[in-house]
1. Within the stretch 118-161, can you find the residues that are closer than 16 Å to Phe85 by Cα, hydrophobic (A, V, I, L, M, F, W, C) and assigned to a loop (DSSP other than H, G, I, E, B)?
2. Here are the criteria: (1) among the acidic types (Asp, Glu); (2) under 26 Å from Ile183 (Cα atoms); (3) modelled with pLDDT of 95 or more. Tell me which single one Glu58 does not satisfy.
3. Give just the number: which of (1) in contact with a helix residue (DSSP H, G or I) (Cβ under 8 Å, 6 or more places away or on another chain); (2) over 26 Å from Glu212 (Cα atoms) does Ser27 not satisfy?
4. Restricting to the stretch 200-214, and then to whatever is surrounded by fewer than 16 Cβ atoms within 10 Å (Cβ to Cβ) and not in a helix (DSSP H, G or I), can you tell me which residue is farthest from ligand 2 (Cβ to nearest atom)?
5. Checking the structure you have, find out if any residue of the stretch 1-21 is in contact with a His (Cβ under 7 Å, 6 or more places away or on another chain), at pLDDT 95 or above and within 16 Å of ligand 2 (Cβ to nearest atom).
6. Tell me, yes or no, whether the stretch 109-132 has at least one residue that is of a type outside the set (D, E, K, R), within 21 Å of Asn167 (Cα to Cα), touching a residue at least 60 places away in the same chain (Cβ under 8 Å) and in contact with a Ser or Thr (Cβ under 9 Å, 6 or more places away or on another chain).
7. Test each condition in (1) buried (at least 17 other Cβ atoms within 10 Å of the Cβ); (2) part of a loop (DSSP other than H, G, I, E, B); (3) over 16 Å from the mean Cα position of the chain (by Cα) for Gly28 and report the one that comes out false.
Amino acid sequence: MITFSSVTKKFGSGVVALQDISFHIKSGELVVVHGPSGSGKTTLMNLLIKDLEPTSGEITYKNISLTEMPRKQIPQHRRKIGVVFQDYRLLPELNVWENIALPLSIIGKSNDEVESRVTDLLNLVSLTEKALLFPKQLSGGEAQKVSIARALATGPSLIFADEPTGNLDSKASLEIMRLLQQINDLGTTILLATHDLALLDALERERHLELEKGVLKRDSRPASPDKVVENHDHEDKKAEQKKVEKIKTEDKQKKRKAFGITLDLSFFKKKAIDKDEIEARMSEILDKKEVEQKKEKTETKKAKKEHGVEKKT
Ligand code: ADP
Ligand code: MG
């Protein structure tokens, strides 16, 4: 699914954040990337979502070279990767339900689809009862669960969690770990970056990539690259199907009613929040470039229209 081949990333400052890194990750794996602060974990993630370009070497995602990926395909690529951060990055004005619904709304899912998906995700992270609370009313562990649900919203095949337990106590950290393991069991590939040694004990049996000053010191269970593209796709599809089946609940409808959760068709309008503003801010977290492109398009359209009107008058 992911291949790094001799990847080096140097920053302008002269810092070599990653040096000649090679590894392969198969679909369905849970891989722990660890190493002290400054060892290159976040850089690795940023290369994967194409927020950074490698200085040399090649990265492929699902057998497609990221180096050769056209700019306009980047938003689509990023949507396949859910990112979870240490500081949750939830929008304070939106409640739990709305925070999870937001990425779905941005990519234009119908209200029915949004409702069904958010209900499933709340169920998965066991926060159905807190759906109408706001981020400041949640514990750190709960906030991180919401951010994980949001990362899963658009059905990515990969979750990258960058120090997801960095702000949590050990009990909440373990809960988040269990949730990530559960999500992995349901078929989503997970890359988990951490420098938390206590957490590493709990993840002893997982595959570990150990970074030290940008160098890959150890790969506890190296995987070989996928050979046949078709097989690989099939694997992905099977995993996806498994995921969908598992999170389907029989009494979904009943639960929804019991907690009074119904999707208001204009749930953004109801709150005096400017949807454009929220989208713009959310874009900083999710699909930066896509929203920018969308905006550009609307502006060009607008400009064209205005220009046309001017011509007529
Ligand atoms: P980690 O996530 O493991 O703490 P990072 O990937 O954030 O490590 O950083 C690795 C190294 O690259 C550090 O020395 C850091 O200072 C440097 N670095 C990261 N991002 C940048 C940047 N945008 N510009 C310059 N140096 C950077
Ligand atoms: Mg980091």
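The values are calculated or read from the model by the stated rules, or taken from the named source; none is laboratory data. Since this is a predicted model, take the numbers as computed values, not measurements. Using ideal geometry, Cβ is built from the backbone for each residue, glycine included, and neighbour counts are taken over all protein chains shown.
1. Listed by number, the list holds a single entry, Ala153.
2. Answer for Glu58: the failing condition is (2).
3. Among (1) in contact with a helix residue (DSSP H, G or I) (Cβ under 8 Å, 6 or more places away or on another chain); (2) over 26 Å from Glu212 (Cα atoms), Ser27 violates only (2).
4. Arg205
5. There is no residue in the stretch 1-21 that is in contact with a His (Cβ under 7 Å, 6 or more places away or on another chain), at pLDDT 95 or above and within 16 Å of ligand 2 (Cβ to nearest atom).
6. Here is the first cut: in the stretch 109-132, the residues of a type outside the set (D, E, K, R) are 110-111, 114, 116, 118-119, 121-128, 131-132.
Okay, now just the ones that are also within 21 Å of Asn167 (Cα to Cα), so 125-127.
Adding the requirement that they be touching a residue at least 60 places away in the same chain (Cβ under 8 Å) leaves none.
So far as the stretch 109-132 goes, no, none of its residues is of a type outside the set (D, E, K, R), within 21 Å of Asn167 (Cα to Cα), touching a residue at least 60 places away in the same chain (Cβ under 8 Å) and in contact with a Ser or Thr (Cβ under 9 Å, 6 or more places away or on another chain).
7. The number of the failed condition is (3).
Let's see how each residue does on (1) more than 16 Å from ligand 1 (Cβ to nearest atom); (2) more than 18 Å from Lys213 (Cβ to Cβ); (3) of a type in the set (A, V, I, L, M, F, W, C):
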| position | (1), (2), (3) |
| --- | --- |
| Gly14 | no, no, no |
| Leu18 | no, no, yes |
| Ser22 | yes, no, no |
| Val31 | no, yes, yes |
| Glu53 | no, yes, no |
